[in-house]
Amino acid sequence: MAEHTDLSLRQSVIYEIYVRNHTSEGTFRAIEPDLDRIRALGVDIIWFMPIHPIGVENKKGSLGCPYANRDYRTVNPEYGTMEDFKHLVDEIHARGMQCIIDVVYNHTSPDSTLVSEHPEFFYQKPTGGRGNKVGEWTDVVDLDYNVPALWQYQIASLCQWAAIVDGFRCDVASNVPVAFWKAAREAVERVHPGTIWLGESVYLEHVRHFHESGFYCATDSELYEAFDILYSYDIRRVFDDCFAGSVPVSRLMDAVNFQNYVYPKNHIKLRCLENHDQPRAAKLVPDDAHLRVWTALCYFMKGTTLIYAGQEACNTRTPSLFDVDKVDWNTGRDLTPLMQKLYAIRHKLPTDAAFWLETDDEAGIVAATYTAPGKRCAGVFPVAGKPGTVNIPLADGVYSDALTGSGVRVEGGRLAVGTEAVIIL
């Protein structure tokens with residue numbers, strides 16, 4: 001596990017922004033007027049999806065994918081200038097938030113600056129020529145981390161950005177050697193102590209496919225040697241099956257419990273209902289009351305909470321990565337009041353307590369508890385959208401629901417709930 005991981009990240013909320021689609025202008029400067037709203041929503045860290053120039057060769061859609069990076073050391077002129085970006089980061093810091101940027105170190109666009117400047121940096125297909133190891137990624141070419149000079153170039157690039165931002169979300173981190181990430185972290189720490197490292201670890205079938213094909217791919221356990229926070233894609237298929245109705249909710253909660261006790265004690269998982277690669281939460285759960293319960297459970301889980309911009313407005317369409325596809329801020333639906341309450345609750349949850357989930361599939365209720373000597377927090381989440389009762393490990397008595405301020409009674413070790421979540425601190 002990364003030696004310097006700050007466990008307060010377990011209380012943090014990250015807000016993901018795609019600059020192109022966040023505002024009508026699609027620029028760095030246009031985001032600044034929205035920072036007060038974002039901070040008031042309850043956000044500690046803003047994550048910008050790739051801000052670098054986008055490749056044109058083999059591009060997807062009309063504008064290309066931001067993950068087909070053309071230059072690691074400059075910004076996309078579509079968004080503004082480097083000075084514009086630095087000003088935006090200063091404004092984020094002025095509001096007490098941190099800023100992390102996406103870095104895409106597994107691959108570049110076929111017309112990246114490195115293709116002409118350092119052709120030796122690239123993976124060569126068995127049949128000859130540059131290419132990639134993932135067939136559907138036709139707009140990118142993979143880098144070759146067997147080349148020591150590539151390490152030097154990439155680490156220098158990270159150090160450049162570490163002088164500006166507070167951390168990195170590392171795309172397809174599993175495909176890049178853990179030894180590289182460890183060396184990068186050590187170098188960056190000298191530039192910006194306390195830099196945040198969020199890794200996009202991958203689906204289990206991705207790891208299996210790469211191993212079967214003879215390619216390198218790190219597991220989550222290996223990645224925790226370098227990263228503070230990792231994705232929950234190791235159990236994402238269970239999440240998908242749960243929302244498709246093919247497995248019970250208990251199967252998903254058991255998988256979360258497994259995560260909490262198979263990884264190092266100070267591990268941190270990213271908890272989200274949606275992100276830029278997944279369906280919108282409001283599409284998965286179209287009923288408002290039902291969506292509020294799942295949102296509350298996501299915030300209550302041990303880990304770092306992620307919000308994808310537009311989630312608070314209950315957007316149902318995942319924006320395209322390849323074209324202009326603006327967030328709809330006028331849906332007539334708004335989770336902001338709930339998210340603000342949940343943010344305040346998150347910052348009262350213990351960072352060092354044991355966490356456990358119990359599920360009553362028949363009642364459709366999840367009970368979650370944080371337990372440590374002298375501490376206990378509990379949450380009850382009617383995820384099936386119906387009232388019921390559930391066992392809860394609290395002494396009989398009347399408690400205050402942190403979400404509503406109303407009294408709730410535990411009687412005979414059981415708590416009755418309606419269709420809304422209840423959280424007892």
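Within the range 66-87, track down each residue that is surrounded by 21 or more Cβ atoms within 10 Å (Cβ to Cβ) and either touching a Lys or Arg at 6+ places or on another chain (Cβ under 8 Å) or hydrophobic (A, V, I, L, M, F, W, C) (or both).
Pro66, Ala68, Val75, Tyr79, Gly80, Phe85
Can you run down the residue pairs with Cβ atoms below 7 Å, 6 or more apart or on separate chains, where the first is in the range 137-158 and closer than 18 Å to Phe215 by Cα and assigned to a strand (DSSP E or B) and the partner is open to solvent by 10 Å² or more (accessible area, probe 1.4 Å) and among the aromatic types (Phe, Trp, Tyr)?
These pairs meet every condition: Asp142/Tyr123; Leu143/Tyr123.
Taking Ala384 and the conditions (1) assigned to a loop (DSSP other than H, G, I, E, B); (2) open to solvent by less than 40 Å² (accessible area, probe 1.4 Å); (3) of a type in the set (A, V, I, L, M), which numbered condition does it fall short on, given that it satisfies the others?
The one condition Ala384 does not meet is (2).
Can Thr419 be described as polar (S, T, N, Q) and in a strand (DSSP E or B)?
For Thr419, the condition - polar (S, T, N, Q) and in a strand (DSSP E or B) - is not met.
Checking Asp360 against (1) open to solvent by less than 10 Å² (accessible area, probe 1.4 Å); (2) within 29 Å of Ser246 (Cα to Cα), which test does it fail?
(1)
Mind checking which residues of the range 388-407 are part of a loop (DSSP other than H, G, I, E, B) and at pLDDT 95 or above?
Asp396, Asp401, Ala402, Leu403, Thr404, Gly405, Ser406
Quick check on the range 168-215: of everything there that is in contact with an Asp or Glu (Cβ under 8 Å, 6 or more places away or on another chain) and among the small types (Gly, Ala, Ser), which residue is surrounded by the fewest Cβ atoms within 10 Å (Cβ to Cβ)?
Gly194
Contact list please: Cβ distance under 7 Å, first residue in the range 249-268 and under 27 Å from His4 (Cα atoms), second residue of a type in the set (Phe, Trp, Tyr) and surrounded by 20 or more Cβ atoms within 10 Å (Cβ to Cβ), pairs at least six apart or on different chains.
Taking only residues 6 or more apart or on different chains, the pairs are Asn260/Phe355; Tyr263/Tyr224; Pro264/Tyr224; His267/Tyr224.
Just give me the residues in the range 326-343 being β-branched (Val, Ile, Thr) and surrounded by fewer than 16 Cβ atoms within 10 Å (Cβ to Cβ), in sequence order.
Thr331, Thr336
Considering each of Val19, Val56 in turn, give the residue that is open to solvent by 50 Å² or more (accessible area, probe 1.4 Å) and out of contact with any Lys or Arg (no Cβ under 6 Å at 6 or more places or on another chain).
The unique qualifying residue is Val56.
Scan the range 299-325 residue by residue and report those that are open to solvent by 10 Å² or more (accessible area, probe 1.4 Å), within 16 Å of the chain's Cα centre (by Cα) and modelled with pLDDT of 95 or more.
Scanning the range 299-325 gives Met301, Lys302, Gln311.
Examine the range 338-346 for a residue that is assigned to a loop (DSSP other than H, G, I, E, B) and not β-branched (Val, Ile, Thr), and state whether such a residue exists.
Checked against the condition, which is being assigned to a loop (DSSP other than H, G, I, E, B) and not β-branched (Val, Ile, Thr), the range 338-346 yields no hits at all.
May I ask you to say which residue of Arg292, Arg208 is in a helix (DSSP H, G or I), more than 26 Å from Ile101 (Cα to Cα) and either of a type in the set (Phe, Trp, Tyr) or free of Cβ contacts under 8 Å to residues at least 60 places away in the same chain (or both)?
Testing whether each residue is in a helix (DSSP H, G or I), more than 26 Å from Ile101 (Cα to Cα) and either of a type in the set (Phe, Trp, Tyr) or free of Cβ contacts under 8 Å to residues at least 60 places away in the same chain (or both) leaves just Arg208.
With respect to the numbered conditions (1) among the polar types (S, T, N, Q); (2) touching a Leu at 6+ places or on another chain (Cβ under 6 Å); (3) over 22 Å from Glu358 (Cβ atoms), which one is the sole condition not fulfilled by Ser213?
Going through the list (1) among the polar types (S, T, N, Q); (2) touching a Leu at 6+ places or on another chain (Cβ under 6 Å); (3) over 22 Å from Glu358 (Cβ atoms), Ser213 breaks only (2).
When you go through (1) closer than 18 Å to Ala40 by Cα; (2) assigned to a loop (DSSP other than H, G, I, E, B); (3) touching a residue at least 60 places away in the same chain (Cβ under 8 Å) one by one for Leu306, which number turns out not to apply?
The failed condition is (2).
Within the range 267-298, restricting attention to residues that are among the small types (Gly, Ala, Ser) and open to solvent by less than 20 Å² (accessible area, probe 1.4 Å), which residue is farthest from Arg376 (Cα to Cα)?
That would be Ala282.
Could you figure out which of (1) at pLDDT below 95; (2) open to solvent by 10 Å² or more (accessible area, probe 1.4 Å) isn't true of Ala2?
(2)
Would you say Thr219 is out of contact with any strand residue (DSSP E or B) (no Cβ under 7 Å at 6 or more places or on another chain), among the β-branched types (Val, Ile, Thr) and open to solvent by 10 Å² or more (accessible area, probe 1.4 Å)?
So Thr219 passes the test.
I'd like to verify a number: residues in the range 88-108 that are open to solvent by 10 Å² or more (accessible area, probe 1.4 Å) and more than 30 Å from Pro177 (Cα to Cα), how many?
Count: 6.
Here are some conditions: (1) in contact with a helix residue (DSSP H, G or I) (Cβ under 8 Å, 6 or more places away or on another chain); (2) hydrophobic (A, V, I, L, M, F, W, C); (3) surrounded by fewer than 21 Cβ atoms within 10 Å (Cβ to Cβ); (4) closer than 24 Å to Met82 by Cα. Val165 meets all but one. Which one does it not meet?
(3)
The values are calculated or read from the model by the stated rules, or taken from the named source; none is laboratory data. Worth saying up front: this structure is predicted, and the values here are computed from it rather than measured. Glycine also receives a Cβ, built like all others from the backbone with ideal geometry; neighbour counts cover every protein chain displayed. Accessible surface areas use protein heavy atoms only, side chains included; no ligands, DNA or RNA. Shrake-Rupley method; radii C 1.70, N 1.55, O 1.52, S 1.80 Å.
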